[in-house]
Every structure is written in C-alpha cells, then in structure tokens.
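Laboratory data are not the source of any read-out in this text; all were calculated from the coordinates shown. Quantities reported herein were computed from a predicted structural model and do not represent experimental measurements. Heads up, the Cβs are rebuilt from the backbone with ideal geometry, glycines too, and the neighbour counts pull from every protein chain shown.
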Amino acid sequence: MAELRCSLVEAVHIPLIALVTGVTERTVVRRLNSAHGNMLVARVFEDDWPTTPLALGSLTVATAARANLEVEVAELTGLGVRAVRNRFSKTRGNTLLRNALPELSAALDDEELEEDLKGESEDGRVDEDGEDATEEDEPHLGGLARYLDADRSFTRWSWSEGFGRSL
C-alpha cells in the first residue's frame, strides 16, 4: 500500500489507508485528491504513516498484511521481508503485531529505553541528576505504568482523576 501511486488508489483502499494512518476516510480522500497522481501513498501520509514500533505494534496482523507493511516491519525488527510475510501467514489475523513479533516488542523496549536515558519527563522537567523530576514527586507512577503496561502520562492522568487512589 505504501508504494502504491495515488492515481492507482481505488475506493476499496480508502478504509484501509484510514485504518493504517488513523485519519478519517474523508481526510484520506481529500489528501489523495489534492496530491499528484504519481506520488506514493506513503509520501502523502508521511506524518501519519506508521513507522515506529509503537504505531506498528498497535495494528493487527491482518491489517498489516493487507496494507503490505512488511517492509516497514522488517526495517524495525531486523528480519527479512520474506520472514515477516511468513510470520504474517502463520499468525491469526486479529493478533496485534507487538504480540506476534517479539522483535517488534524488543524494538519498542529499545525506543522506550532511549527516551528514559534522555532524562526528560513527560512534561520536559529534569532535575540536576538528569533524572525524571516527577519521579521524586510521584515515585509510584513508574512502577505502576510498567505494571499496567501503559505510558506514564496516561497513568499520571488516571491517578490524578482518582481512578487509582483507592489502592
């Protein structure tokens, strides 16, 4: 799908492009109509096209296979395109990519580790040691976020809204 030219996109492709990019079908049609016919679909939606482990990991195997995202997955996992296609064919379609491909989960963990090593918090505050400044104020959030397998900002929001105060 990424290497499909805009002039070759048919009506049946529009819901799939919307699902992969996370934009509405109406936005897909508008962007495709305003793009040059020889332009690649991935270039038209380059800001929304899934290229990170987090974005790809949230898609199902069936969606990734129908959208021909094997190349993007192969680049992130270090697997060959043929190996990715084989995994897609052997895995149930409703399985999330992050569960179907342990290599993608490892890439996601590496991405999170790099962010943690930067020493910046979600809101950009850093203390003198380069540690997350909110860790001092809210030491429970890091462990709770890892336990819930949720990002820190969602865990902070949930906690502040009172969902976790009854623990």
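Local charge for GLY22 was computed over the other residues whose Cβ lies under 14 Å away, with Lys and Arg +1 and Asp and Glu -1, and equals -2. Extension gain for the segment ARG92 to SER34, taken as residue separation times 0.36 nm less the Cα-Cα distance, is 17.2 nm to one decimal. With a cut-off of 12 Å between beta carbons, the residues surrounding HIS13 carry a summed charge of 0, where Lys and Arg count +1 and Asp and Glu -1. Remark: region 6-103 carries a charge dipole of roughly 320 debye about the Cα centre, counting +1 on each Lys and Arg Cβ and -1 on each Asp and Glu Cβ.
Can you classify region 6-103 as rounded, prolate or oblate using the Cα gyration tensor, where a ≥ b ≥ c are the square roots of its eigenvalues, rounded means a/c under 1.5, and otherwise it's prolate if a/b beats b/c and oblate if not? Prolate.
If packing is taken as the mean number of other Cβ atoms within 10 Å per residue, what is the order of 5-15, 55-65, 36-46, highest first? Don't skip to the answer; put the middle values down first.
Working: 5-15: 12.5, 55-65: 19.3, 36-46: 15.7.
Order by mean packing, descending: 55-65, 36-46, 5-15.
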